[in-house]
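The values are calculated or read from the model by the stated rules, or taken from the named source; none is laboratory data. Values in this document were obtained by computation on a predicted structure and should not be read as measured data. Accessible surface areas use protein heavy atoms only, side chains included; no ligands, DNA or RNA. Shrake-Rupley method; radii C 1.70, N 1.55, O 1.52, S 1.80 Å.
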Amino acid sequence: MTRRIVMGVETSCDETGIGLVAVHDDGTVTLLADEVASSVEQHARFGGVVPEVASRAHLEAMVPTVTRAFDTAELRFADVDAIAVTAGPGLAGSLLVGVAAAKAYAAAWDVPLYGVNHLLGHVAVSALQHGPLPQPCLALLVSGGHTQLLRVDDVAARVTELGSTVDDAAGEAYDKVARVLGLPYPGGPPIDRAAASGDGAAIAFPRGMSGTADPRYDFSFSGLKTAVARWVEQREGAGAEVPVNDVAASFQEAVADVLTAKAVRAAQDFDIGTLVISGGVAANSRIAGLAAQRCAAAGVELRVPRPRLCTDNGAMIASLGAHLVASGAEPAAIDFGADPALPVTKAFC
Ligand code: KG4
Ligand code: ZN
């Protein structure tokens, strides 16, 4: 059996990711290397990603990260058959670094290049852990930058957005609530930890967009974030102690409730048997736990990639690239550009 090696390059936000995968004749994909250099610590004191800082960090991390990936996979540059790079969506300056680097590698190694959609990389990554994606499947993408519910008939050709957030992304809400509670950035992991010893039913925070007149698959987290901030302010104003663990658990319960209820509802409405949850927030213990419970009750198979694959990485881009290589997709023209607002309906260019 022959195998083709695909390198994935990810630089859409604050992670420089280089992935190497092998795609086999039967279409299965195996992971060979997944190296990530993160600039998250450089952004921590600002409470969010600073674009100029992220771009510079990508520039500095690119070559060392590529070297590490080839060392890990025990491959040589000459082994690579194709390159996939995130073309969008993401931060313009950050995307540009990855696209320029990928073009340089593709030209130097004389291999085809694909500019691919970051969001669909989050979906395609599941293949590395769970095998080929069932088609159709539903994908719930939850991260610091995106919250989308997708119907995926073909990850490279037919993806429909069923719903998305009308304001903050789920991860953004975690980051903002963490700040209110005096927890560090990024807020997801410390809230998840605090919530473990709190009571999720202690405070009834609002479930955004869950009224009968609201759009069925859209989300809203800004009202929830404000409700948490008000609740904490009132407590502090009254000179009372803030029960951080209960607030974290109750906030987390509201997020998990809305995300999983809408995803499972869509699976039932469209009679789709598999739900993939991905993106940094999918690493959350309560979201994964509640999704497992509700999917089991509804007879839906749940696929949640391991945390390392859920957060931004190059392997997810390589996995989508491998899918394109296996399906014989046309590579990009060398003059394609990064597109910070690349729509989810466009898998590659
Ligand atoms: O996918 P990702 O690494 O980058 C983006 O594309 O945004 O996601 C980062 C987001 C951050 O907002 C972080 O707070 C959140 O994922 N996150 C979590 C957890 N781990 C990371 N949110 C909730 N629970 C977690 N355990
Ligand atoms: Zn992402």
With θ set to phi - 60°, apply the Karplus curve 6.51 cos²θ - 1.76 cosθ + 1.60 along the stretch 142-148 and write out the HN-Hα couplings as whole Hz, x wherever there is a Gly or Pro. 10, 8, x, x, 9, 9, 9
Can you list the HN-Hα couplings for the stretch 203-208, worked out from phi with the Karplus curve (6.51, -1.76, 1.60; θ = phi - 60°), rounded to whole Hz and with x for Gly and Pro? 10, 8, 6, x, 9, x
Span-like helices, the chain: DSSP H, alpha-carbon axial extent 15 Å or more, mean Kyte-Doolittle -1.0 or greater, which ones? 51-73, 92-109, 170-180, 222-237, 244-270, 285-298, 314-326
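Could you do me a favour and compute the accessible area per residue for the stretch 167-283, 1.4 Å probe, result in Å²?
Numbers: 4920 Å² over 117 residues.
On a per-residue basis, 42 Å².
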Per DSSP H run of at least 4 residues, take -39500 (n - 2.57); add these up for the chain, divide by its residues and hand me the 222 nm value, nearest 500 deg cm²/dmol. -13500 deg cm²/dmol
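Ignoring ligands, DNA and RNA, what percent of the 1.4 Å accessible area of the stretch 295-349 is carbon and sulfur? Display every interim value, and only then the final one.
On the way: 1310 of 2340 Å².
Carbon and sulfur: 56 percent of the exposed surface of the stretch 295-349.
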Over what distance in Å are the Cα centres of the stretch 1-58 and the stretch 259-289 separated? 24 Å
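Among S278, S220, what's the order by accessible area (1.4 angstrom probe), most exposed first?
Numbers: S278 0, S220 25 Å².
Reading off the accessible areas and sorting them downward yields S220, S278.
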Could you tell me which of the pairs K225/K346; K225/K262; K103/K176 are separated by over 27 angstrom between their Cα atoms in the structure shown? K225/K346; K103/K176
Apportionment of accessible area to carbon and sulfur, the stretch 75-142, percent (1.4 Å): 60 percent
Under a Gaussian network model of the chain whose springs join Cα atoms within less than 10 Å, the largest fluctuation of A326, A240, A292 belongs to A240
Write down the Å³ per residue value for the convex hull defined by the alpha carbon atoms of the stretch 233-349. 176 Å³
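Restricting the count to DSSP beta bridges whose residues both fall in the chain, what percent are antiparallel, rounded to a multiple of 5? Numbers along the way, then the final one.
On the way: 30 of 48 bridges.
Percentage antiparallel, nearest 5: 60.
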log₁₀ of I(q)/I(0) at q = 0.15, 0.19, 0.24 Å⁻¹ - the stretch 107-215, Debye sum with one point per alpha carbon: -0.88, -1.11, -1.27
Taking N as the number of residues in the stretch 121-174, what is its Cα Rg relative to 2.2 N^0.38 Å? 1.18
More than 39 angstrom separation, counting every C-alpha pair in the chain; what % is that? 14 percent
